[in-house]
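These notes concern the structure reproduced below.
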Amino acid sequence: MARPAIERVALLRNDAFLPRAEALGFGFHSPDGREYWARDACYALAPEAAAALEAAARELAPMLDAAADAVVRRGDYGAFGFTDRLAALVEASHRAGEPSLYGRFDFRLDPGGGIKMFEFNAETPAALLEAAVVQLAWFEETPPGPDTRPGTDQWNRIDDALVARWPALGLPHRIHFAAERDRADEIAQVAYLMATAQAAGHATAFLPVDDISWAEGRGFTDPHGVPLDACFKLYPWDWLDAEEGGRLLPLGRTRWIEPARRMLQANKAILVTLWEMFPGHPLLLPASLDRAAIDGPAIGKPALGLEGHGMRVEGADRDVSTEVAEGLPPSPIIWQQWAPLPGHAMPDGVAYPVMGVWMAGEEPCGLGIREGDDLVTTLEDRFVPHVVL
């Protein structure tokens, strides 16, 4: 590429966009006074870089499916940290071929255009509303200019792709949507997905996860006794399995989105199977259950880890390990070759962006970028809009 694949561009600070963002449901742009939405910068991608990210996701998606199929054929879920009950649910879902709504790849993109896959978020991927709706409104409604909004395009057809994906799932007309009642950010994500389902012709209803009930003969219901024929839940399968009602999961008739089989692709242990099946693939990083099998610096990831918690970095120039979140169950550690994110200069430091490529089914459909002040991306990091030059 003649120009860098990606550059961080400083912009005039734009606080005027925030009321518009709130009107779109993005009320959590400044949690506890922290600026989660970047108001004075964007990332500019060369068109070739956006095309390369799309091509990478398109190539890796069937590889992930093949790896999941290999795990089920092998029947060994020890590295995944599944209970026997969860493993049975995952296996039954996989054998049934239950379709998926969405997912998100996390990629490393260096200024020279090189791409590496860090992981795939297949069950409860975060930052969808920001990527699909908010940054698109920012792009369309901000006056173009080198200090306001450069670029001529944005890789973002996420909304259309999600609306088009719902009919392929073969779900009942009515879909319930569930999230934790005290998580405003997750409720906003779910509200957005409800809107896409409505646009696809479904009737929808929201309920907090802890309001899901059980009725003999009807299975899982809402508090009014209405059966959950289909339910999207922004809540991990392993958390449900660990709760008192987990014993009822195999007995219910609810179609869950995402289906249990997606626990395979979401789990860090799939990285090991991918590397075993496709050793040396240019989009992959070496991964193993054995730290000694990874040459040089490596990062240890809990198989069931979420949001950057519990990362162990060994052999790097500096330790950027993260704390284990309280309440998360222990799970096996998966070792992956350490490939630190490229840094981009900011006025007051360095930013490290991770490329989140969104999938609707097997189709790459857009990009969301989160950046942090350190090399391990967590839920505390910023969302930064992007443009394509």
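The values are calculated or read from the model by the stated rules, or taken from the named source; none is laboratory data. Remember, predicted model here, so these are calculated numbers, not experimental data. In this analysis, Cβ positions are derived from the backbone assuming ideal geometry, glycine residues included, and neighbour counts consider all displayed protein chains.
Beta carbons closer than 6 Å, at least 6 apart along the sequence or on distinct chains, pair a first residue in segment 246-262 that is farther than 13 Å from P227 by Cβ with a second that is hydrophobic (A, V, I, L, M, F, W, C) and in a loop (DSSP other than H, G, I, E, B) for I257/L101; R262/A122.
Restricting the first member to segment 61-78 and to residues that are under 14 Å from A92 (Cα atoms) and in contact (Cβ under 8 Å) with a residue 12 or more places away in the chain, and the second to residues that are loosely packed, with under 15 Cβ neighbours inside 10 Å and charged (D, E, K, R), the beta-carbon pairs closer than 8 Å and six or more apart or on different chains are V72/R95. For segment 114-229, the helices (runs of 4 or more DSSP H) that sit wholly inside it and include 1 or more residues that are within 23 Å of E380 (Cα to Cα) and more than 16 Å from the chain's Cα centre (by Cα) are 135-141, 184-199.
Regarding E380, is this residue among the acidic types (D, E) and either in contact with a Cys (Cβ under 8 Å, 6 or more places away or on another chain) or buried (at least 21 other Cβ atoms within 10 Å of the Cβ) (or both)? Against the criterion (among the acidic types (D, E) and either in contact with a Cys (Cβ under 8 Å, 6 or more places away or on another chain) or buried (at least 21 other Cβ atoms within 10 Å of the Cβ) (or both)), E380 does not qualify. Scanning segment 81-98 turns up one or more residues that are among the polar types (S, T, N, Q), touching a Lys or Arg at 6+ places or on another chain (Cβ under 9 Å), in a helix (DSSP H, G or I) and farther than 22 Å from A287 by Cα.
Note on segment 171-194: among residues that are hydrophobic (A, V, I, L, M, F, W, C) and surrounded by fewer than 18 Cβ atoms within 10 Å (Cβ to Cβ), the one that is farthest from V226 (Cα to Cα) is A184.
From the list A168, A203, A122, A161, the one residue that fits, being at pLDDT 95 or above and buried (at least 19 other Cβ atoms within 10 Å of the Cβ), is A161. In this structure, does G372 turn out to be surrounded by 15 or more Cβ atoms within 10 Å (Cβ to Cβ), out of contact with any strand residue (DSSP E or B) (no Cβ under 8 Å at 6 or more places or on another chain) and closer than 26 Å to A132 by Cβ? So G372 fails the test.
Across segment 100-135, the number of residues qualifying as hydrophobic (A, V, I, L, M, F, W, C) and within 18 Å of G361 (Cβ to Cβ) comes to 7.
Within segment 196-208, no residue that is without any contact (Cβ under 8 Å) to a residue 24 or more places away in the chain sits with its Cβ atom under 9 Å from a residue that is part of a helix (DSSP H, G or I) at 6+ positions apart or across chains.
Residue by residue through segment 87-134, note down the ones that are among the β-branched types (V, I, T) and under 25 Å from I6 (Cβ atoms). Listed by number, the residues that qualify are I115, V133, V134. In the set (1) touching a residue at least 60 places away in the same chain (Cβ under 8 Å); (2) surrounded by fewer than 24 Cβ atoms within 10 Å (Cβ to Cβ); (3) under 30 Å from L162 (Cα atoms), I270 fails one condition alone, (2).
Hey, can you tell me all the residues within segment 315-345 that are free of Cβ contacts under 8 Å to residues at least 24 places away in the same chain and under 22 Å from G81 (Cβ atoms)?
The initial filter retains those residues of segment 315-345 that are free of Cβ contacts under 8 Å to residues at least 24 places away in the same chain, namely 315, 317-319, 323-327, 343.
Across segment 315-345, the qualifying residues are E323, V324, A325, E326, G327.
Screening E307, E314, E326 for residues that are at pLDDT below 80 and over 26 Å from Y43 (Cα atoms) leaves exactly one candidate, E326.
Tally up the residues in segment 353-389 that are assigned to a strand (DSSP E or B) and either free of Cβ contacts under 8 Å to residues at least 60 places away in the same chain or charged (D, E, K, R) (or both), please.
Total satisfying the criteria: 5.
Across segment 208-234, the number of residues qualifying as under 26 Å from E307 (Cα atoms) and either surrounded by fewer than 21 Cβ atoms within 10 Å (Cβ to Cβ) or β-branched (V, I, T) (or both) comes to 5.
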